[in-house]
Amino acid sequence: MKKQFILAGALLIAAASFGQKKELKKAQKAFAKKDVAEALIQIDAAEKLMGSADDDLKVDFYASKGEIYLADAGKSNYNRMKEAAEAFMMARELDVDNKNKVNIDNGIDNTRVALVNSAVGDQKTNPELAAEKLYKAFEVKRDTSDLYYAAGNMLNAKNYDKSVEYYEMLLDMGYTGIKKEYTALRIEDNVTVPFASEADRNSEMISGKYTKPSERYTESAKGDMLRSLVLIYSSQGKNDKAIKLMADARAANPNDMSLVRTEADMVYRMGDLKRYNELMQEILSSDPENPELHFNLGVAATSNGETAKAMTYYKDAIRLKPDYSSAQINLASLILGQEKGIVDEMNALGMSKEDEKKYDALSVKRQSLYTEALPYLESAYNSRKDNKELVRTLMNIYSQLSMTAKYNDFKAKLDAME
């Protein structure tokens, strides 16, 4: 009797196994016919029978579930994408002998692409959702670049806690974002073009449109990550944590100029203009022909009340970049800012002949300020013609300098804007 009971149990197990395989085959056949709706019904039915299945059958089931759910997700069903990702990850975990590695890896790659593409569409309107999708893409594929972009989107969404969590994960993993790029010079316009892979680059070389194949490495993202962390810590009032993080980073990478820039940004936010100027001078010595650096030093010097020094920096920025409108406007503003002192001095004069002479001299000096500032403002106007305040300032200067035709022209422009 006991032997019969054991045999009956074995038959039950065999019947259950047959039922599991049968339901799974129904789902796979429907999917092969591109009947995704029927495949969904059958795969859900099969799932209810999978509890006692062996690992090989479960691997087959989860891989099929991933394919079916991903197909049903299309381009926008994030919940389905997540379910597909979870299914493929479960298949990968159970496939200990890698019998189905190729099929599973292909499904994982497709799921990651779907998640990333869907995230791209959300970055502007819903960066937090974009970050969630990118983090799920990271989980399924373990591509650290997805985690990096997830952190950036969380920062844009002002979800600082998650952004810090992701950035700290990246730093712990030693992520730098540095990768090898395959390039070639496009003959048509003499521009160096990067390609997705060496094979893509080599294929394009055959066309005869490219020459000088080469390789290069992208810049490290470590400075950007630290900059973001410092920004978050500073905004949260965690200055001590920000300072320690920067000190450790600088000690480990003493020649990394991107970290010097990050520290400069940090101390500027903390109001330490003395240290900021020291760091900016260090950066400037490494890149003296960079107009942005001269401009930033001009801004710092202005904040510190060092007008003459600020003017020199702005002039250097304009020398290096003649159409640098921000530097032109800031320089003109500093020049015109001297007018108040002249006007105050004029108003304090009496009615004596000596005072009248001083008044006339100050009036000439005042006019010279307008003459000095005018070329910078006119140049800035060439690239900022829709700036109403710039048009108003130019109109007023033309009036002070008795440039009637110019005054009338800019008055008409201002009237049209208002």
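Is it true that some residue in the range 128-142 is part of a loop (DSSP other than H, G, I, E, B) and at pLDDT below 95? Step through it out loud before you land on a result.
Looking only at the range 128-142, we keep the residues that are part of a loop (DSSP other than H, G, I, E, B), and these are 142.
Still in the list and also at pLDDT below 95: 142.
Yes, some residue in the range 128-142 is part of a loop (DSSP other than H, G, I, E, B) and at pLDDT below 95.
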For residues that are charged (D, E, K, R) and within 16 Å of residue 280 (Cα to Cα), scanning just the range 307-327, find the one that is least open to solvent (accessible area, probe 1.4 Å). 316
Neighbours by Cβ (under 6 Å, 6+ apart or cross-chain): first from the range 344-370, in a loop (DSSP other than H, G, I, E, B); second open to solvent by 60 Å² or more (accessible area, probe 1.4 Å): 349/358; 349/359
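How many residues does the range 109-127 hold that are surrounded by fewer than 16 Cβ atoms within 10 Å (Cβ to Cβ) and not in a helix (DSSP H, G or I)? Please lay out each step first, then the result.
Start the filter on the range 109-127 by keeping residues that are surrounded by fewer than 16 Cβ atoms within 10 Å (Cβ to Cβ), which leaves 109, 113, 117, 120-121, 124-126.
Right, trim to not in a helix (DSSP H, G or I) and you get 124-126.
Qualifying residue count for the region: 3.
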Taking helices (runs of 4 or more DSSP H) that fall entirely within the range 267-334, which contain at least 2 residues that are under 23 Å from residue 397 (Cβ atoms), without any contact (Cβ under 8 Å) to a residue 40 or more places away in the chain and in contact with a helix residue (DSSP H, G or I) (Cβ under 9 Å, 6 or more places away or on another chain)? 291-303, 307-320
Would you mind telling me which numbered condition in (1) farther than 19 Å from residue 100 by Cα; (2) open to solvent by 30 Å² or more (accessible area, probe 1.4 Å) residue 39 fails? (2)
Restricting the range 394-418 to residues that are within 41 Å of the chain's Cα centre (by Cα) and open to solvent by less than 50 Å² (accessible area, probe 1.4 Å), which is farthest from residue 323 (Cα to Cα)? 414
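Select, from 215, 181, the only residue that is open to solvent by 70 Å² or more (accessible area, probe 1.4 Å) and either hydrophobic (A, V, I, L, M, F, W, C) or in a strand (DSSP E or B) (or both). Spell out the reasoning first.
Numbers: 181 fails: open to solvent by 70 Å² or more (accessible area, probe 1.4 Å).
The unique qualifying residue is 215.
Taking the range 72-101 on its own, how many of its residues are over 30 Å from the mean Cα position of the chain (by Cα), open to solvent by 40 Å² or more (accessible area, probe 1.4 Å) and free of Cβ contacts under 8 Å to residues at least 40 places away in the same chain? Show your work before the answer.
Narrowing the range 72-101 to residues over 30 Å from the mean Cα position of the chain (by Cα): 72, 87, 90-101.
Adding the requirement that they be open to solvent by 40 Å² or more (accessible area, probe 1.4 Å) leaves 72, 90, 92-93, 96-101.
Narrowing the set further to residues that are free of Cβ contacts under 8 Å to residues at least 40 places away in the same chain leaves 72, 90, 92-93, 97-98, 101.
The number of residues fulfilling the criteria is 7.
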Residue 256 vs (1) open to solvent by less than 60 Å² (accessible area, probe 1.4 Å); (2) at pLDDT 85 or above; (3) closer than 26 Å to residue 145 by Cα: all pass except (2)
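Please go through the range 339-358 and give me each residue that is within 20 Å of residue 399 (Cα to Cα) and either surrounded by fewer than 10 Cβ atoms within 10 Å (Cβ to Cβ) or in contact with a helix residue (DSSP H, G or I) (Cβ under 6 Å, 6 or more places away or on another chain) (or both), ordered by number.
Restricting attention to the range 339-358, the residues satisfying the condition of being within 20 Å of residue 399 (Cα to Cα) are 339-340, 342-343, 346.
Listed by number, the residues that qualify are 339, 340, 342, 346.
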All but one of (1) within 25 Å of residue 389 (Cβ to Cβ); (2) within 27 Å of the chain's Cα centre (by Cα); (3) open to solvent by less than 40 Å² (accessible area, probe 1.4 Å) hold for residue 292; state the number of the condition that does not hold. (3)
Does the range 386-418 hold any residues that are outside any helix (DSSP H, G or I), in contact (Cβ under 8 Å) with a residue 12 or more places away in the chain and among the hydrophobic types (A, V, I, L, M, F, W, C), and which are they? 401
Residue check, residue 200 against (1) part of a helix (DSSP H, G or I); (2) surrounded by fewer than 17 Cβ atoms within 10 Å (Cβ to Cβ); (3) modelled with pLDDT of 90 or more, all met but one. Which one? (3)
Would you check if residue 383 is in a loop (DSSP other than H, G, I, E, B) and either modelled with pLDDT of 95 or more or open to solvent by 50 Å² or more (accessible area, probe 1.4 Å) (or both)? yes
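The values are calculated or read from the model by the stated rules, or taken from the named source; none is laboratory data. Only a predicted model underlies this, so the values are computations on that prediction, with no experimental measurement involved. All Cβ positions, even for glycine, are placed from backbone atoms using ideal geometry, and neighbour counts span all protein chains on display. Side chains are part of the model used for accessible areas, which takes the heavy atoms of the whole protein and leaves out ligands, DNA and RNA. Shrake-Rupley method; radii C 1.70, N 1.55, O 1.52, S 1.80 Å.
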